[in-house]
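The structure appears right after this line, and notes come after that.
The values are calculated or read from the model by the stated rules, or taken from the named source; none is laboratory data. Values in this document were obtained by computation on a predicted structure and should not be read as measured data. Glycine also receives a Cβ, built like all others from the backbone with ideal geometry; neighbour counts cover every protein chain displayed. Ligands, DNA and RNA are stripped out before the accessible areas are found, and what is left, the full protein with its side chains, is counted by its heavy atoms. Shrake-Rupley method; radii C 1.70, N 1.55, O 1.52, S 1.80 Å.
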Amino acid sequence: MDRPLSSILSAPFKPQFYVAFWRSLWVFDKPLEIWWRYVFGGGAYPLTYHVRTPIGRIRATVYSFDDVRTLVECFGKIDYPARADARLIVDVGSNIGLSALYFLSRNDHVHVHLFEPLPANIERLEENLKDFQGRYTLHAVAAGIEDGSADFGWEPTGRYGGLGLTDLSGTIRVEVVDLDERLGEIIREAGDIDVLKLDVEGMERTLLDALTP
């Protein structure tokens, strides 16, 4: 998938572009290749990169240009910051596990609960997280405001998808859980949550409004 020309031309005018670029020179083992793909799109996949983190070098496999964008967003732009002493993180909309890799690599003891309903994403997530067995809990469900099932829209890259989205490549029927209830269970079992990351294609406010104060 090639990146639109308008997106390419606008990128250098964004301050975060430069911050992420300089950080990436240290973080990624092939920073110039990653940024070439990030800026211009295209290229063959899958590819595996090594990333420097507080716990050492880890590997991350990307399957599309959209995954490269996510990799840069997580490790270059730090879109989902987490403190070095984080102990418990909940990642809603885990996709192929790149954000989870960032969270799990902040220290050697943090545990992450992952919510991801799309089977193709889950397969890739488990591959990316195979070096972190025992440090994450996967909930293969969609997060909602009540238990049940619903249509989940998806498209081939796996980056974009969500409940009620019918204008994508296709839909599948998925199990939906009450996120507020699940978070309560996690807190009762493991204590306070340090980071709650929501990436659910426009449902973030709906989910937040439904949470118990």
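Annotations for the structure displayed:
- In the frame of its principal axes, segment 136-202 has Cα extents of 39, 23, 20 Å, reported largest first.
- Within the chain, no whole DSSP H helix has Cα atoms reaching 20 Å or more along its own axis together with a mean Kyte-Doolittle score of at least 0.0.
- Extension reserve of the Tyr18-Arg173 stretch, reckoned as 0.36 nm per residue once the Cα distance is removed: 51.7 nm
- Per residue, the convex hull spanned by the alpha carbons of segment 69-182 comes to 103 Å³.
- Extension gain, Tyr45 to Ala120, is 25.5 nm, computed as 0.36 nm per intervening residue step minus the present C-alpha separation.
- Residues Leu32 and Glu181, FRET efficiency given R0 of 41 Å [Cβ-Cβ distance, rounded to 0.05]: 0.35
- Summary value for segment 61-149: 26 percent relative contact order, contacts being C-alpha pairs under 8 angstrom separated by 6+ residues.
- Accessible surface for the chain, divided over its residues, is 50 Å² per residue with a 1.4 Å probe.
- In a simple Cβ point-charge model (Lys, Arg +1; Asp, Glu -1; nothing else charged), the chain has a dipole of about 1160 debye relative to its Cα centre.
- Extension gain for Arg87-His109 works out to 7.3 nm (0.36 nm per residue, less the C-alpha to C-alpha distance).
- Placing one equal scatterer on every Cα of the chain and applying the Debye formula, the log10 ratio I(q)/I(0) at q = 0.10, 0.15 Å⁻¹ is -0.44, -1.01.
- Between segment 118-172 and segment 52-92, the alpha-carbon centres lie 18 Å apart.
- Mean-position separation - Cα centroids, segment 195-213 and segment 29-46, in angstrom: 31 Å
- In range of the label at Asp192: residues from segment 93-136 whose backbone nitrogen is under 17 Å from the point 7 Å along Cα→Cβ: 110-111
- Put simply, when 44-53, 93-102, 106-115 are sorted by average Cβ atoms within 10 angstrom per residue, most first, you get 93-102, 106-115, 44-53.
- Counting charges near Val195 (Lys, Arg +1; Asp, Glu -1) among other residues having Cβ under 9 Å from its Cβ returns a value of 0.
- For Thr137, distant residues with modelled amide H under 5 Å away: Val112, His113, Leu114
- Protein heavy-atom surface of the chain, 1.4 angstrom probe: 54% of the accessible area is carbon and sulfur, with nucleic acids and ligands not counted.
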